[in-house]
Every structure is written in C-alpha cells, then in structure tokens.
Amino acid sequence: SLAMAGGDGELKCVTWNIAAINNNPFEYYLTLPGEDAKPYGDLMVAVQKLIDAPGIRDVPVSEVFLPEMWARLKGAMAEQGWSGLDQVEERWLNDFSKRKIIEGFLKDKDLGSKRLASMPDRFTNTINNSDGSVVCRPAIINNYQGDVSNLKSWFDQWFHFMFVSEVSVKNRKGELESKKVCSLLQKITKAKYPAVTEDEEAISLPLQTLCLAIFDAILIHILNTAASSAVTGAINWHDMKVKICAALVVDKQSNTINILAGQPTYLNADVIFLQEVAGAFIERLEKHPQLGDRFVVLVPQAADYVRDQNSIILVAKARLGEAGGVPEECILGGGLARADVADGDICAFSVPLRFGKTTKRVLLASFHGDTAGLASTPVVNAVRKHAADSDLRVVMGLDANTHTLEDPAGKTKFVGSFLKDLEDGPEPVKHSWEGKPSDWITTFNARSYLQPQLNKAVKYEERLVSKSTDRNPKDYILFSASAFEVASPAKKDNTGGCFFEEGIDLPTLTFPSDHAIVASSLRLRASTFRPSPSRLTTDRSVFAAVARIDLPTLTF
C-alpha cells in the first residue's frame, strides 16, 4: 500500500496521467470485475479466432451490408448532390458486395492506406455540439448507447444519424453552423494520401461513406457471431458495452475525482501533478467541496480546451508560504522545438512553498510526453535550465512515455537513456523510484481485434508477453538532487485503493485511466537549498483568506 509520512519538511507528491483509452470501448483489452470477467475474456477470444481463421464464416459483404441498404444509401447520397454515384455503384456491384468480410475487407491494407473507413470515422465517430452535448455515430467503436445488435435496426439508426439529424458545430472561421452529419465528411485527396487514385479522389465522398457503412456493419456482425459462439454460451455484448462506456466515458470524471478525494493519501498530498486533463474536469476539481477547498489548481495559459489533454498542478493551500507571493507561470525556453509539445502539454509554475517556518520557491512542473517519449528529455532539460537560470529547485511529475526495450533505430525513448539524461547538464535531477525499471511499470494495455489496425492486435492470451503490449515504466516524480532527497520511495496504484495489482489490463471499470498513480514523499535537504530573496515578495494579501489546514501524519 501507499504510505507517505507527513511533516512540514517533507513534500508529499502524486502524479497521474488520468486519460483513458479513446472513444472505442473495445479497442484495448480491459479488466472487468466479478461475473463479467470471464464472459468478456471469452468474447475477446471468440472475436480473435473468428478474425484469425474465419473459414466458412467469412461470408460475402452483401450478406451483412444488404443490397437494400446500398439502394437506400445511394438514394440519400443522391439527395446530397454528390457526384460519382454510378462509379461507386459499379464498385459495389462488381467488387465490394462480393468481397469476403474479413479477408477481403477488414484485412485489405489498401483500404487502410487510402483511409476509406478511418477518415469518415474520424469526422463522425463522436461529435461535440456547440451546446456541450455529445452525439455518436451508431457503431461498435464509440460511446453510442443505442442497441445496434440487430443489423436492420442498426442501419435505420445509422441512416438517420448520417442523413437526417443535424449537429451544431463551428466552421473554419469559428462561426456556428447547423448541418447534417454527412456534410462534415471531406474529400480524401491523392496529394495527402498517395495510395488514392485520381478517380477515387473524385468520388471519395460517396466511396468513403459506403466503406464506413460496410465497416460498421461487419463489426456488428462479427460481435454477434462471436458472442453466439463463445465457449461459455451466448454473451450479451451490448449490455457489456454499455457498462464499459458508463465507467470509462459517462462516469469517468466522477470516478477519477472519487479516487483523488476518497483516498487520504491523495487528498492529503501537498502536490498533485495531473496530465491529459479535460477542461471540464478542471472546473469539476475547482468546484469539488473537498478538492477545491484543499488545493489551488494551477493551469497553464496555453491550455487547449478542444484537444483536452492538458497538464495541471494541484497545490495544497496550507503549503503556500504567506510571505512568498503567488505562484507564477514559467514560460520555458531552453531550445524547445515547437514540434516537441502541443499547447497544454506543459504546466510549469514557480510556487512559494512553506517548509517549517521558512518559505522556498520551487519550480513545479507537470508534463505529458509524446507517444514515442522523444520530447521528454528536451522538456525536462528546458525545465532544468529555467530553474538554474532562476535559482530555483525542481519538483516535477510527468508521463515521460519511456520504454523498457531499446529501439535500435531510436524511434522510442529507452528508459536507460532517459535516466542518463537526468544526470547530465545543469541542475541534475533524480527520480523517486527504487529498484529496477521492470519494477516501475505503470501501463498495461494491448489492442484487441475490434479496431481498424489489425496488424497491431495482440492475442488475448499473449497480452503479458507480446512486444506490442504497452507495458512500460512511463511515470515519474523528479526532483533537484541538490535540494531534495527521497523520504518515501515511489509506490504505484492501479486499483484506486492505494495498492497495485500485477497483471491486470488498464483501465478497469473502477480505475478509469490507462496509467497507474505514482506517489512519493520528498524531504528537503537541511543546508543545500539556497534561498532566493529576489524572488520573494511580502504580499500577504493574496492568500490571506485561504483557510490553513494542518497536515496530519499519515499512516497506512
């Protein structure tokens, strides 16, 4: 379990990338509780076997996406004034309708390289209306709540969504427009996707719409077939999907806040570094009766409320030094390339923290790295340089996206290389882990067969050993070696109960992130922290009204 001793000379730190998987509830394997665990595993294995070796179950597309569905689709596209319908119909009659659903369609690499299903999915999967409401295409691979297990009923819902219902979205000029969902689709150009022919570019609107409809229908058919052939008997996959979506999408923010507010280790922390935070979640934090009362929430000016992957910092109000002024955002230079980070990825503040009777300014930073982890060292170096130039010391929580295995081509950041980088250059930093990197694993997720990139799918029984599984030491609490030492080594939690359970897929229905929480206590070194009088102010008014909270000694 996680245990962090208290005391004003110590700084109890927590870091957590709270994001979960994207819109598709079936894209990555999950851990389901109790009586749902075995049916879920059986369903995933049945899907895998069907796609790996379909045999006689690899039926023609026209038996799944029916000819009458095509006729209705063609009529709706004609009403939109789309050109090229005769050419698309020829492809339907002589090609697509005759293809086998798995070997001929799902496994066709050309469809992938031409983006004929993934591009229209991108624009219609999940749409955020201007009033804050969210609508989803009737499909397997999003949070759509309607029952689509019957293909004819599914197509009625799908058709209405694409060609009848309207959404309110902003155009490129930022102006609100009400439009049909089908009008959100865009041409797929040969210039951007060279695999697309000139003829296909000319008819790309109706062609991608047909491919999307076929793709959605095939996935429903596959789930129906797999669910009826599972070892333990028929499985209601729709109910299973609704449970998953409720936990990981609808109730995600509530479940995340319940963990932070419900566990004393987190509620009584001094600093919490969070990554991949949505704008709406920031508001929930500030208004929460316990978290909002306990912490001040530091948000970067460059926060992106559309992309919703912001790094933020929560600082206990009781640790803010009265004579230390206010937290000040640090704008990092240090040669950071614009391509390394996106808006909101970095949150860095100079914060006056109380240690006993003295106040010290500390550079607190929260960061979420790129998938390959290649931005992590440049960002940490920029934080360290800013700290050295400003005579500050660093405490940082981050998802560094470091990898256990070293890529000979250097396309991903090797954990050993990252650790070496921490010691080089100005203001060396250390991490709070003990042991070896294999003990620091904070992620465990593997792609299932219910997603478009089948080349990245992992067999259910090979999740623990496959090189394609993301099972890596990604999350760290870093600190200036000159000013701090480890009081309590880093501990991890993938249950929300302050303990770590080995070998479970993340997220779970009770733990809504694909990253474990990491908690650690740092201790201020007695005589090595040089004060910076020039950076301290005597402005006592700013936090005069803030209620002070005594920090109890925590024992677990």
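Some points to look at:
- Being part of a helix (DSSP H, G or I), surrounded by fewer than 16 Cβ atoms within 10 Å (Cβ to Cβ), of a type in the set (S, T, N, Q) and over 28 Å from the mean Cα position of the chain (by Cα) is a description that does not apply to Ser178.
- Thr510 vs. criteria within 20 Å of the chain's Cα centre (by Cα), without any contact (Cβ under 8 Å) to a residue 60 or more places away in the chain and assigned to a loop (DSSP other than H, G, I, E, B): no
- Note on segment 112-127: among residues that are open to solvent by 20 Å² or more (accessible area, probe 1.4 Å) and under 13 Å from Pro138 (Cα atoms), the one that is farthest from the chain's Cα centre (by Cα) is Asp121.
- Count - residues of segment 250-305 that are in a strand (DSSP E or B) and either small (Gly, Ala, Ser) or farther than 27 Å from Glu328 by Cβ (or both): 0
- Which listed residue, of Thr402, Thr412, is in contact with a strand residue (DSSP E or B) (Cβ under 9 Å, 6 or more places away or on another chain) and more than 22 Å from Val486 (Cβ to Cβ): Thr412
- Residues satisfying the stated conditions in segment 192-223, i.e. hydroxyl-bearing (Ser, Thr, Tyr), in contact with a Lys or Arg (Cβ under 8 Å, 6 or more places away or on another chain) and open to solvent by less than 50 Å² (accessible area, probe 1.4 Å): Tyr193, Ser204
- For the residues Glu461, Glu434, the requirement of being open to solvent by 50 Å² or more (accessible area, probe 1.4 Å) and not in a loop (DSSP other than H, G, I, E, B) singles out Glu461.
- Of the numbered criteria (1) part of a helix (DSSP H, G or I); (2) buried (at least 17 other Cβ atoms within 10 Å of the Cβ), the one Glu68 fails is (2).
- Within segment 198-210, residues that are assigned to a helix (DSSP H, G or I) reach partners that are among the aromatic types (Phe, Trp, Tyr) with beta carbons closer than 9 Å, at six or more positions or on different chains, in the pairs Glu201/Tyr193; Leu205/Trp82; Pro206/Trp82; Thr209/Trp82; Leu210/Phe65; Leu210/Trp70; Leu210/Trp92; Leu210/Phe96.
- In segment 224-273, residue most open to solvent (accessible area, probe 1.4 Å) [restricted to those that are of a type in the set (Lys, Arg) and more than 21 Å from Ser311 (Cβ to Cβ)]: Lys243
- Meets criteria (in contact (Cβ under 8 Å) with a residue 60 or more places away in the chain, hydroxyl-bearing (Ser, Thr, Tyr) and open to solvent by 30 Å² or more (accessible area, probe 1.4 Å)) for Ser62: no
- In segment 82-110, the residue that is modelled with the lowest pLDDT out of those that are closer than 20 Å to Ala191 by Cβ and open to solvent by 20 Å² or more (accessible area, probe 1.4 Å) is Asp110.
- Residue in segment 361-384 that is in a helix (DSSP H, G or I) and of a type in the set (Lys, Arg) present: yes
- Condition met for Val135 (under 25 Å from Gln451 (Cβ atoms), free of Cβ contacts under 8 Å to residues at least 60 places away in the same chain and not acidic (Asp, Glu)): yes
- Test: residue in segment 350-357 that is within 24 Å of Leu267 (Cα to Cα) and out of contact with any strand residue (DSSP E or B) (no Cβ under 9 Å at 6 or more places or on another chain): yes
- Any chance Thr31 is open to solvent by 10 Å² or more (accessible area, probe 1.4 Å), touching a strand residue (DSSP E or B) at 6+ places or on another chain (Cβ under 8 Å) and β-branched (Val, Ile, Thr): yes
- Scanning segment 308-324 for any residue that is closer than 19 Å to Trp16 by Cα and open to solvent by 10 Å² or more (accessible area, probe 1.4 Å) turns up at least one such residue.
- Against the numbered list (1) within 28 Å of Phe355 (Cβ to Cβ); (2) of a type outside the set (S, T, N, Q); (3) at pLDDT 90 or above, Pro512 comes up short only at (1).
The values are calculated or read from the model by the stated rules, or taken from the named source; none is laboratory data. All values reported here derive from a predicted model rather than from experimental measurement. We place every Cβ from the backbone using ideal geometry, glycine too, and count neighbours over all the protein chains shown. SASA here: full protein model, heavy atoms, side chains in, ligands and nucleic acids out. Shrake-Rupley method; radii C 1.70, N 1.55, O 1.52, S 1.80 Å.
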